[in-house]
Amino acid sequence: MNAPAYTASMLAARFGLELRGEDHAITGVGTLADAGPAQLAFLANPRYRTQLVDTRAGVVVLREADVQGRQGSALIARDPYAAYAKIAALFEPKPTFVAGVHSTACVDPTARVDPAASIGPHVSIGAGSVVAAGARIGPGCVIGDACVIGEDCELVARVTLVTRVRLGKRVLLHPGVVLGADGFGIAMDAGHWIKVPQLGGVAIGDDCEIGANTTIDRGALDDTILENDVRLDNQIQIGHNVHIGAHTAMAGCAAVAGSARIGRHCLIGGGAGVLGHLEVCDRVIITAMSLVTHSIREPGEYSSGTPLMDNRSWRKSAARFKQLDRIARRLPGAEKDSE
């Protein structure tokens, strides 16, 4: 397959950028360090600015403020990273899909599959489920009962929708995703646990993307909800009845406990945790490995945890943690403050 080719002027016109310097044919993308004369690179992080001098890239996408450091052709963008993402998508190989149901797929007679959908090998689709036009169900996926897959969704491979899962339009689910499994509902009765039925479902909005091996539990009564354009990385756990607002993004290995509510345009770092039944307002940033133990009412950036240090220093600090209360009580006014 021949690689697509675009001139820098074509890219400028298509994405509203300004071309500085000579026009070049571009057949791919690369980093500042490794790109060749027929490739496009970008500068978004100032720490890589020194690489502008030696880069062999035919064209570099950068901000106006950085253009003086570039000797060759450049595309000026307000947000170079976003501009690069749009350009790079032109060079991403796309798999081909053939409409229809593969001969090895198993589709319940009561399910409805649009003729324009693509159902791959060894797919199972349960009773009452609906697959809309343009949807692409990859090999080994399991679609349980009463699920809805919207137009142009893609389930890459081995995705499981257990039951009562509804996907909006253009949802992308990577391999190993599990949606709609039982929420963690248990009640103690006479010294042993009994299971609380999970009667809700999972509702995913338009344009969401969910990373590999991420799991989202179905609700106990109401649905677990992701609003439009939520982006989840790999290996994330979302508990039952969680509500995540539109345009929020979460990095890998984060976890949100049941019935927490996260606002819109939030960013949650890798390995962070949110305890159950809490609320996080819109436009909050939670840094990596932080634990949210109380509701957040004001936008901003929040962190928790002990910074990394050498082990010997950490052990000394840990030993002193137990002494902090005693020391604080000896400070002037401490007794009054504790009343």
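The values are calculated or read from the model by the stated rules, or taken from the named source; none is laboratory data. The structure displayed is predicted, hence computed values, not measured ones. Note: ideal-geometry Cβ built from the backbone for every residue, glycine included; neighbour counts use all protein chains shown. Calculation scope for accessible area: heavy atoms of the full protein, side chains included, ligands and nucleic acids excluded. Shrake-Rupley method; radii C 1.70, N 1.55, O 1.52, S 1.80 Å.
Listed values, structure above:
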| item | result |
| --- | --- |
| The range 248-326 - percent of accessible surface contributed by carbon and sulfur, probe 1.4 Å | 55 percent |
| Heavy-atom accessible surface of the range 24-169: percent carbon and sulfur, 1.4 Å | 55 percent |
| Selected from Pro109, Gln71, Ile125, residue furthest toward positive end of dipole (the chain; charges at beta carbon) | Gln71 |
| Solvent-accessible surface ranking, highest first, for His174, His277, His294 at 1.4 angstrom | His277, His294, His174 |
| Ranking by accessible area, most exposed first, for Glu154, Glu279, Glu301 with a 1.4 Å probe | Glu301, Glu279, Glu154 |
| Geometric extent, Cα atoms of the range 192-329 - Rg, Dmax (angstrom) | 17.5, 54 |
| Translational diffusion coefficient (Stokes-Einstein; Kirkwood radius from C-alpha pairs) of the range 94-212 at 10 °C, 1.306 mPa s, in µm²/s | 109 µm²/s |
